[in-house]
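What follows is a set of notes on a single structure, which appears directly below.
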Amino acid sequence: MSVLKRTEPAVAFQVERLTVDFGTDKTGPLQDFSLNIRQGEITCLLGPSGCGKTTLLKSLGGFVVGRDSGGVLFESRYLNGPTPEIVMIFQENNLFPWLSARGNVEFGLKFKAAKRDGKQVVDEMLRIVGLTEAADRFPNQLSGGMRQRTAIARALVSDPHVLLLDEPFSALDISLRRRMHTLMLDLWSKTGKTMVMVTHSIEEALQVGHRVIVLGDRPARVLIDADTSADAMKDRYSPEFLEMQRRIEAVIY
Ligand SMILES: Nc1ncnc2c1ncn2[C@@H]1O[C@H](COP(=O)(O)OP(=O)(O)O)[C@@H](O)[C@H]1O
Ligand SMILES: [Mg+2]
């Protein structure tokens, strides 16, 4: 008998009966919504436009706090605002146009107490995302993919526990996007970070996610919660990939 026991991975976020409404007469996107996000996994969120993906992601980041009831536990503590352990990357990457790629990445260290090895850490991060050569260029001299890689490097340089990404690659063309998927998996295998990524591409979710959650709308609810970590799922021609893609398409279109 094997002595190796598979231990349950720790939970990073517990969303507990979270209700978010925006004080309009429309019912808010999240009503009594519960979900656990495991530590050290890449979780991808899919769902129709307007179903509450961004609201959920912002709630994980502490940017939206449930008004009426429920809440989000992060590492077993109630989140009541943003914390440096959790960083969020948006679709428009919000780089500072007056800073070079390196300057933007350095900025990620601004709120970090220990700056001793700052330059080394920044250089290493630029290297990991493949921006060493372009480090001195300004955002308007970078391609879309390079800008998004700069944003990722800026987010990761402070060594947060969690990276939240809201449709980070949707402005990129398909071949660049696929390169970003490889980069994400590479970053994950180097850092083991917990990542939660919203996307509207099923292919992207299956390629990058260890777990894919499909939400339905009004109010948001979990329609599919699938383990997509198997290697076969990373091959977009495999029967496993195609079957999962079909299953997801059946509920969201
Ligand atoms: N700040 C806000 N004020 C009012 N309504 C909002 C606000 N943010 C989002 N909503 C509404 O909440 C719903 C979910 O939005 P969102 O979370 O952005 O969806 P998704 O990211 O899945 O497209 C939408 O109907 C949207 O109009
Ligand atoms: Mg959104």
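Can you tell me which condition residue 152 does not meet? The list is (1) among the aliphatic types (A, V, I, L, M); (2) surrounded by 17 or more Cβ atoms within 10 Å (Cβ to Cβ); (3) without any contact (Cβ under 8 Å) to a residue 12 or more places away in the chain, and all the others hold.
Looking at each condition in turn, residue 152 falls short on (3).
Under the condition of being within 16 Å of ligand 2 (Cβ to nearest atom) and among the charged types (D, E, K, R), which residue from segment 38-60 is surrounded by the fewest Cβ atoms within 10 Å (Cβ to Cβ)?
Here the residue is 58.
Examine segment 166-173 for a residue that is of a type in the set (Ser, Thr, Tyr), farther than 19 Å from residue 57 by Cβ and either without any contact (Cβ under 8 Å) to a residue 24 or more places away in the chain or in a loop (DSSP other than H, G, I, E, B) (or both), and state whether such a residue exists.
For segment 166-173, residues of a type in the set (Ser, Thr, Tyr), farther than 19 Å from residue 57 by Cβ and either without any contact (Cβ under 8 Å) to a residue 24 or more places away in the chain or in a loop (DSSP other than H, G, I, E, B) (or both): absent.
Whether any residue in segment 124-143 is among the aromatic types (Phe, Trp, Tyr) and closer than 30 Å to residue 19 by Cβ is what I want to check. Show your work before the answer.
Step one: list which residues in segment 124-143 are among the aromatic types (Phe, Trp, Tyr), which gives 138.
Now drop any that are not closer than 30 Å to residue 19 by Cβ, which leaves none.
No, that holds for no residue.
Report whether or not residue 210 is away from ligand 2 (no atom under 16 Å from the Cβ), in contact with a strand residue (DSSP E or B) (Cβ under 9 Å, 6 or more places away or on another chain) and either under 25 Å from residue 74 (Cα atoms) or in the same structural domain as residue 243 (by TED's automatic domain parsing) (or both).
In short, yes.
Test residue 63 against the stated conditions and say whether it is part of a loop (DSSP other than H, G, I, E, B), within 16 Å of ligand 2 (Cβ to nearest atom) and either within 18 Å of the chain's Cα centre (by Cα) or surrounded by 21 or more Cβ atoms within 10 Å (Cβ to Cβ) (or both).
Working: part of a loop (DSSP other than H, G, I, E, B): yes; within 16 Å of ligand 2 (Cβ to nearest atom): yes; either within 18 Å of the chain's Cα centre (by Cα) or surrounded by 21 or more Cβ atoms within 10 Å (Cβ to Cβ) (or both): yes.
Here the answer is yes, as residue 63 does meet what is asked.
Looking at (1) more than 15 Å from ligand 1 (Cβ to nearest atom); (2) in contact with a strand residue (DSSP E or B) (Cβ under 7 Å, 6 or more places away or on another chain), which is the only condition residue 102 fails?
Only one criterion in (1) more than 15 Å from ligand 1 (Cβ to nearest atom); (2) in contact with a strand residue (DSSP E or B) (Cβ under 7 Å, 6 or more places away or on another chain) is unmet by residue 102, namely (2).
Quick one: which of 36, 80 is part of a loop (DSSP other than H, G, I, E, B), polar (S, T, N, Q) and in the same structural domain as residue 203 (by TED's automatic domain parsing)?
Values: 36 fails: part of a loop (DSSP other than H, G, I, E, B).
Exactly one of 36, 80 is part of a loop (DSSP other than H, G, I, E, B), polar (S, T, N, Q) and in the same structural domain as residue 203 (by TED's automatic domain parsing), namely 80.
Name the residues in segment 209-237 that are surrounded by 15 or more Cβ atoms within 10 Å (Cβ to Cβ) and at pLDDT 95 or above, would you?
Across segment 209-237, the qualifying residues are 209, 210, 211, 212, 213, 214, 215, 223, 224, 226, 228.
Residue pairs, Cβ under 6 Å, 6 or more apart or interchain, first in segment 208-225 and closer than 17 Å to residue 50 by Cβ and among the charged types (D, E, K, R), second within 16 Å of ligand 2 (Cβ to nearest atom) and outside any strand (DSSP E or B). List them.
The qualifying pairs are 217/48; 217/51.
Are there any pairs, at least 6 apart or on different chains, whose C-beta atoms fall under 6 Å, with the first in segment 176-195 and assigned to a helix (DSSP H, G or I) and the second surrounded by 19 or more Cβ atoms within 10 Å (Cβ to Cβ), and if so, which?
Filtered contacts from segment 176-195: 176/145; 177/169; 180/169; 181/207; 181/208; 184/208; 188/42.
Give me the pairs: first residue in segment 231-248 and assigned by TED's automatic domain parsing to the domain that holds residue 209 and closer than 14 Å to residue 212 by Cβ, second residue outside any loop (DSSP other than H, G, I, E, B) and basic (Lys, Arg), beta-carbon distance under 9 Å, and six or more apart or on different chains, which are they?
Partner pairs satisfying both residue conditions: 241/234.
The values are calculated or read from the model by the stated rules, or taken from the named source; none is laboratory data. This structure is a prediction, so every number in the text was calculated from the model and none was measured. Counting neighbours? That spans all protein chains shown, and the Cβs are built from the backbone with ideal geometry, glycine included.
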